[in-house]
Amino acid sequence: MTDIDYKLEAVPATRIAADDIDKTFRSSTIDLISGALGGKVLGFSDEWFAEAANLLTPTAPIRQPGKMVYTGAWYDGWETRRHNPAEFDWVVIRLGVASGTVEGVEIDTAFFNGNHAPAISVEGCFSQNDDEVLSWKGERGGWETILGVQECGPSQRFGWKLENPTKKQYTHVRLNMYPDGGIARFRLFGHAVPVFPDATDAIFDLAAAQNGGVAISCSDQHFGTKDNLILPGRGKDMGDGWETARSRTKGHVDWTIIRLGAPGYIQNFIVDTAHFRGNYPQQVKLQAIECKSEGEPGADAEGWTEVVEPIKCGPDQEHPVESLVKDKPFTHVKLIIVPDGGVKRLRVFAKRAV
């Protein structure tokens with residue numbers, strides 16, 4: 001792809017093998033443009049064969065061989081017409097958080113074979129004006145390079161880790177596809193830069209992804225990922241919660257650890273089992289820790305403190321509970337489910353430890 005006239009900065013980035021993408025990004029960052037987080041497609045050059053909004057679907061792409069629609073074969077992704085007269089097709093996306101910094105990119109061309117995108121690039125901007133951003137269309141406008149032109153191939157996941165994560169915050173990104181074709185999913189891994197309340201005694205959800213929370217580790221996520229716990233809203237079905245495999249061992253528990261968006265004095269929690277009606281945990285426990293060392297605390301680290309009495313769970317409901325320790329700052333929370341099962345959301349309402 002050396003004959004492209006639209007020149008971008010050569011941003012140093014390391015290619016990440018498909019099998020390593022999740023473990024590289026999912027324990028330290030969030031997908032800033034996920035549809036579940038509120039990421040939204042604002043505009044595109046074309047979506048004749050398949051809608052651009054599919055790029056932001058949080059679940060993996062699916063295939064339905066033989067399914068035909070008015071425009072042709074059905075695809076779970078974004079697909080444009082052939083013979084694009086411009087250098088690239090584009091889609092503009094507003095992040096699902098107020099703004100964010102970027103560490104990496106994933107492009108998944110699953111099931112696009114012969115109609116896949118040969119190459120992509122990613123640009124970003126910071127703006128409070130959606131209309132202005134859209135007015136740039138496929139032109140330079142105020143876009144800055146996040147990831148320069150990278151080659152793609154058929155039906156596989158491609159990941160790139162920026163050698164220097166962006167220091168600048170972005171509100172919008174533009175995915176460029178050279179010259180046309182199909183992409184199933186687009187992930188933008190990074191960190192939310194939240195807008196905290198001015199009042200230091202304000203109480204808000206410090207575990208929420210929009211407020212900088214990150215689910216860093218868990219014991220198991222067989223049916224539903226830990227990252228769902230900190231999403232907004234109560235979801236739409238069991239598929240967008242955290243759910244573990246059935247345990248067969250006496251005394252078994254499952255757990256997940258969430259790094260709060262800022263150190264805080266925890267006031268209360270909500271454990272939500274929405275949509276989990278026959279597979280909710282019997283009991284939930286909550287612990288917290290103030291981690292002052294580099295790195296993240298493990299499940300067995302010294303210093304975890306019980307912050308609530310054990311909660312007896314019920315199906316498809318919110319379980320509010322007061323914190324037993326409101327005068328000590330914490331940086332991480334550990335949700336423990338006994339013995340296994342599913343939880344939709346965890347809310348950690350706290351005052352920032354300023």
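Every number here is computed from the coordinates shown, using simple stated rules; none is lab data. All values derive from a computational prediction rather than experimental measurement. Here Cβ is always computed from backbone atoms with ideal geometry, including for glycine, and neighbour counts include all displayed protein chains.
Take the chain, mark every one of the GluC sites (Glu not before Pro) that falls in a DSSP loop and has at most 12 other Cβ within 10 Å, then report the longest stretch left between them, sites excluded.
Looking at the chain, 164-293 is the longest stretch - no exposed GluC sites (Glu not before Pro) with at most 12 other Cβ atoms within 10 Å.
Over the stretch 203-346, what is the relative contact order in percent, taking alpha-carbon pairs closer than 8 angstrom and at least six residues apart?
Across the stretch 203-346, relative contact order equals 34 percent.
Compute a Gaussian network model of the chain, connecting alpha carbons closer than 10 Å, and tell me which residue from 86, 288, 299 fluctuates the most.
86
So for the stretch 14-113, averaging the separation of alpha carbon pairs under 8 Å that are six or more residues apart and normalising by length, what relative contact order in percent results?
36 percent
How large is ³J(HN,Hα), in whole Hz, for each residue of the stretch 113-121 in order, when computed from phi with the Karplus curve 6.51 cos²θ - 1.76 cosθ + 1.60 and θ = phi - 60°, using x for Gly and Pro?
The phi angles translate into 9, x, 9, 6, 6, x, 7, 9, 8 Hz.
Please report the base-10 log of the normalised intensity I(q)/I(0) for the chain, using a Debye sum with one equal scatterer per alpha carbon and no solvent, at each q in 0.07 (1/Å).
-0.32
When the distances between all Cα atoms of the stretch 87-136 are binned every 10 Å from zero, what whole-number percent does each bin get?
Cα pair-distance distribution for the stretch 87-136, in percent: 16, 46, 30, 8.
Along Cα→Cβ, 7 Å out, is where each label goes; now give me the distance between the ones at residue 84 and residue 23 in nm to one decimal.
3.4 nm
In debye, nearest 20, what is the charge dipole magnitude of the chain about its Cα centre with +1 on Lys and Arg Cβ and -1 on Asp and Glu Cβ, if you could check?
In debye, rounded to 20, the chain gives about 760.
Mean-square fluctuation check for the chain, GNM, Cα pairs under 10 Å: which of 81, 259, 185 is largest?
81
List the relative contact order of the chain as a percent without decimals, with contacts defined as Cα pairs under 8 Å and 6+ residues apart.
19 percent
Quick one: pull the percentage of alpha-carbon pairs in the stretch 112-231 with a separation above 27 Å.
Working: 2576 of 7140 pairs.
Roughly 36 percent, once rounded to a whole number.
Between residue 156 and residue 317, with labels modelled 7 Å along Cα→Cβ, what's the label distance in nm to one decimal, could you check?
Taking the simple label geometry, residue 156 and residue 317 are separated by 5.1 nm.
Between residue 53 and residue 132, how high is the FRET efficiency from 1/(1 + (r/R0)^6) when r is the Cβ-Cβ distance and R₀ = 25 Å? Nearest 0.05.
0.70
Can you tell which of 201, 76, 31 shows the greatest fluctuation in a Gaussian network model of the chain with Cα springs below 10 Å?
Of the options given, 201 has the highest mean-square fluctuation.
When a/c reaches 1.5 or more, the comparison of a/b and b/c decides; with that in mind, is the stretch 17-108 rounded, prolate or oblate per its Cα gyration tensor?
Working: a/c = 1.97, a/b = 1.49, b/c = 1.32.
It is prolate, given that a/c is not under 1.5 and a/b is the larger ratio.
For the stretch 295-340, what is the per residue volume of the convex hull drawn over the alpha-carbon atoms, in cubic angstrom?
In the stretch 295-340, the Cα hull volume divided by residue count equals 117 Å³.
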